[in-house]
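To start, the structure under review is shown below, and the notes come after it.
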Amino acid sequence: MPQINKLNVTTPKSNKFQLARRALADNLNFKLPGREKQFEELTSFLTELISTKSSGSLYVNGPPGTGKSATLMKIVNSKEYESKLKIAFINSTSISSIGAIYKKICTELNLKITGNSNEKESLQAIEKYFNSNHSKTTLLVLDEIDQLCTTGKNQNVLYHIFEWPSIPNSKLILIGIANSLDLTDRLLVRLQAKCELKPKVMHFPAYTKAEIVEIFKSRLEESDLFPPAAIQLLAAKVSSVSGDIRRALNIGKRVIELAELEKRINDKALDLKQLDAIVESESITPIINEPKVQMKEVMSVLNNVYGCSQSLGDDVDDAFPLQQKILICTMLLIIKNDKNKDITIGRLHDVYRKVCKNRNIHATDLSEFVNLCLLVETKGILRLATKKEPRFHKVHLQWNEDEVFAALKDKQMITNILNEKSLLSR
C-alpha cells in the first residue's frame, strides 16, 4: 500500500471574505444586542403618540457609535410605522447655514413654498403645514443637532423648532439626536422652564465588551471566519477606548481585508503546475484549509488604528480593560495625595489625561469619559452623584486600596501611577 502524502490546498469558497465583510457592513438587516431597553422605550414613545394623535419631543444622547440613529431607524423603517408616519430625517452636518434647515425640512416634507425659497418663506410653509388638518403624524428627526448649537442665533432656531410640537393639533413627533449628554440643560435651558416644551431624554451608553462580542456573533452567525478569541480581542480594545460599535465594525472589515490579502499572497506562492500534477496522483489526499482570521491580523489593525502596541494577552479575558484601570488608579492617586477629597468628573478627567499622556495612551474626551465612569460604576467601584453639568458630577470611590489591588491584578501599574504626584498640579 503506497504511503499517503498530505498536501495543503485552499478552499474553493473564496467568497467567504466578501460575505463576512457584507455582514459587518449591513445597516438594514441587523439585530440590536445591548439596545433592547432603548428599543422598547422608543417603540412605546412612538406608539403612544401615534395612537393618541398627540405631539411630543425626545432628546436622544450618547457617545458616537452607540446605536442612537440605528435603533430609531430600525423602528420607523418597519412596515408598522412606515404607513403611519410622514418621516423627515435631517442630518445637521449637511446643513450649510442654520437658516437652511427650514428649507431642508420643507424638501423632506414635500412642502410647496410660495415666492422665494428663503428662510422666512420656508418657515411660514412649515408652520402653515403644522397648523393645517393633516391625517398622518409627522416624525421629524434632527441628527447631530449639537452641530447647530454654535451661536446664539442657532440656538434661537432650535428653540423655535422645539416649540412646534406645542402647536395645537400639529401631530408632530420631534426627535433630536446628539453626542452631548447635557445639550438641553446647557444650551436650551428655556425648554426646561415650560413643561409642554421640555423634551423627554433618553441615553445610549457606550457599548461594553460583552455587547460588542454579541453584535459580532449575531452578524457573523453564518460565517466561521472570525475565531471567538479574535472577536474577544477586538471587542476588549474598542470597549476600553470608546465603546463605539461603528469603529469596531470598521476594524472588523479591515481585519477581513488584511486576512484576504495575506491569503492571496500565500496562494500565489504555490507552484500551480506542480500542484496540479500532485493532486492528480492517487497517493495524494488533499487537506482543505478553510480561511480564518488570525490573531496577528487583528493586532496589526488595532495597532494601526490606535497607534499603540497590542499583545495577545491584552484585555482578552480581563474584567478591567486598560482605560478602566487607568481611571481607577487615577482616582486612587487623587484620594491619597490631593487635599481636596471632593472629586468631580472634570477634575478626575484632567488628571486622567495627564496619566494617559505619560504612557502614550489615547485619552478619551470628556463625553466618552463620563460613559467610562458609568461603566465602572456598574461594577460597584465608583458611585456618581449627578449634577446638571456632567463635568461637575461628584465621584466617590466605594472600594479601599487593598480591594483595588486585588481586583486589578496589576500591582506595577497601580504603584507607578500612585507615585506620579506631580500630575496633580493644576
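Before moving on, here are some points about what is shown:
- With the simple model of a label 7 Å out from the Cα in the direction of the Cβ, residue 25 to residue 412 spans 4.2 nm.
- Judged by the gyration tensor of its Cα atoms, with axes a ≥ b ≥ c, region 194-233 is prolate; a/c meets the 1.5 cut and a/b is the larger of a/b and b/c.
- Considering region 362-426, its Cα convex hull presents a mean projected area of 5.5 nm².
- Label point distance in nm, residue 262-residue 159, each placed 7 Å from Cα along Cα→Cβ: 5.8 nm
- The label point for residue 89 and the one for residue 303, both projected 7 Å from the Cα toward the Cβ, are 3.9 nm apart.
- Rg(Cα) / (2.2 N^0.38 Å) computed for region 44-167, rounded to two decimals: 1.07
- For region 12-74, the spread of Cα coordinates along the three principal axes comes to 57, 26, 16 Å, biggest extent given first.
No value in this document is a laboratory result; all are computed from the given coordinates. All values derive from a computational prediction rather than experimental measurement. We place every Cβ from the backbone using ideal geometry, glycine too, and count neighbours over all the protein chains shown.
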